[in-house]
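Take a look at the structure set out below.
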Amino acid sequence: MSSRKNPASSWILYCIIDREVLKHKDPVKVALFLFKTGAGAVELRFKNMPSYKLLGIAKKIAALAKKYKKTLLINDRPDVALASGACGVHVGSGDMSVRAMRGLLKPKSIVGKTVHSLKEAKKARREKVNYVSAGPIFSTPLKASLKPKGVNFIKKIKKRVSVPVLAIGGINSRNAKTVFRKGSDGVCVTRAIFEAKKIIKESA
């Protein structure tokens, strides 16, 4: 896909607003901060929150994304993505299939997927996702059950897909440069979202 057709091609920093990590911080204010500081995309990941509550938050962030010409994605919730005006969804390997997601969303909606292996990358390629997040590159308590793949995993995944590859897992301002040097098109961060400016600087 060309950058004109695929917004993911321009994402250097993809930030995940996670309910468990965020604690008591206001997700809307956090999203505003991220859009202003350069994040190309924000994913709202609020597991197990009732749809009506998540929809209220998503609508506010979707309005901000439109204002700042950024991308909002909803984790594994096509209903909330569609109703809020978000740009699409992100799914994990154990979530609803990409095909099923596309059947529920608007034709030009973005669908991304996390891959933890070369086999999963090949499957994602067949599913025609807009981008993949590959990892975990480094150890992270958010994926404590998964062994870190290391930075060379990025190159291996890039050989198997033709869409942007975003590295994920334990990435922060101290190791981001190494990840970019290995060819990552962008990085996904959750715990390090407030290091946005520093991480973007490391991509130069």
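For the range 161-170, the criterion of being at pLDDT 95 or above, more than 28 Å from K5 (Cα to Cα) and buried (at least 16 other Cβ atoms within 10 Å of the Cβ) is met by at least one residue.
Residue pairs whose Cβ atoms lie under 7 Å apart, sitting 6 or more positions apart in sequence or on different chains, and linking a residue in the range 14-35 that is at pLDDT below 95 to a partner that is surrounded by fewer than 19 Cβ atoms within 10 Å (Cβ to Cβ) and assigned to a helix (DSSP H, G or I), are L22/V30.
Tell me, please, whether a residue that is touching an Asp or Glu at 6+ places or on another chain (Cβ under 7 Å) and part of a helix (DSSP H, G or I) can be found in the range 30-53. Within the range 30-53, one or more residues are touching an Asp or Glu at 6+ places or on another chain (Cβ under 7 Å) and part of a helix (DSSP H, G or I). Scanning the range 133-144 turns up at least one residue that is of a type in the set (A, V, I, L, M), out of contact with any helix residue (DSSP H, G or I) (no Cβ under 7 Å at 6 or more places or on another chain), within 24 Å of R45 (Cα to Cα) and surrounded by fewer than 17 Cβ atoms within 10 Å (Cβ to Cβ). In the condition set (1) surrounded by fewer than 24 Cβ atoms within 10 Å (Cβ to Cβ); (2) more than 16 Å from A39 (Cβ to Cβ); (3) of a type outside the set (S, T, Y), K69 is compliant with all but (2). Here S9 meets each of (1) part of a loop (DSSP other than H, G, I, E, B); (2) polar (S, T, N, Q); (3) in contact (Cβ under 8 Å) with a residue 24 or more places away in the chain with one exception, condition (1). Is it the case that I16 is of a type outside the set (D, E, K, R) and surrounded by fewer than 22 Cβ atoms within 10 Å (Cβ to Cβ)? Taking the combined requirement at face value, the residue does not satisfy it. Residues of the range 19-65 that are among the charged types (D, E, K, R) and exposed (fewer than 14 other Cβ atoms within 10 Å of the Cβ): E20, K23, K25, D26, K29, K36, K47, K53.
Within the range 101-140, the set of residues being over 25 Å from K70 (Cα atoms) and in contact (Cβ under 8 Å) with a residue 40 or more places away in the chain comprises L118, A121, I137, T140. Among the residues making up the range 180-203, those that are out of contact with any Phe, Trp or Tyr (no Cβ under 9 Å at 6 or more places or on another chain) and either aliphatic (A, V, I, L, M) or surrounded by fewer than 19 Cβ atoms within 10 Å (Cβ to Cβ) (or both) are R181, G183, R191, A192, K197, K198, I199, I200, K201.
The values are calculated or read from the model by the stated rules, or taken from the named source; none is laboratory data. Bear in mind that the values here come from a model prediction, so they are computed numbers and not experimental data. Glycine also receives a Cβ, built like all others from the backbone with ideal geometry; neighbour counts cover every protein chain displayed.
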